[in-house]
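Down below is the structure, laid out as structure tokens.
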């Protein structure tokens with residue numbers, strides 16, 4: 001199998017591989033393992049991220065046709081949203097800690113703005 005890379009793509013791939021202290025071939029091999037789920041893949045999260053990448057980058061106009069494809073798509077999208085939410089909460093907590101403030105709860109307040117649990121129970 002041959003890849004046709006421009007000089008800029010080749011240099012970029014080398015730079016990314018160097019950042020991870022590996023070779024371009026090893027980097028691509030690991031991605032292929034994660035994408036195909038073959039021996040040596042990085043685990044379920046890595047397989048899910050590779051699937052999400054493929055669905056977004058390669059199948060932009062393709063939608064799931066079967067119930068099984070739809071269920072898989074929805075499972076991957078839900079997992080991606082949970083990961084994005086967790087990353088945002090961690091970022092907010094780190095930012096708050098750096099500013100010497102308590103971290104904000106990521107749970108939405110079910111009460112109207114300006115109300116607290118104590119004011120709601122007093123009513």
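Derivation of every value follows stated rules applied to the coordinates shown; laboratory data play no part. Only a predicted model underlies this, so the values are computations on that prediction, with no experimental measurement involved. Cβ placement follows ideal geometry from the backbone for every residue including glycine, while neighbour counts extend to all protein chains displayed.
Annotation for residue 70 and residue 9: the two label points, set 7 Å from Cα along the Cα-Cβ direction, are 3.6 nm apart.
Sorted ascending by nearby beta carbons within 10 Å, beginning with the fewest, 4, 72, 63 become 4, 63, 72. One decimal place: the segment residue 93-residue 39 gains 15.8 nm when fully extended, by the rule 0.36 nm per residue minus the C-alpha distance. So how far, in whole Å, is the C-alpha centre of the range 27-58 from the one of the range 69-94? Distance between centres, Cα-based: 17 Å.
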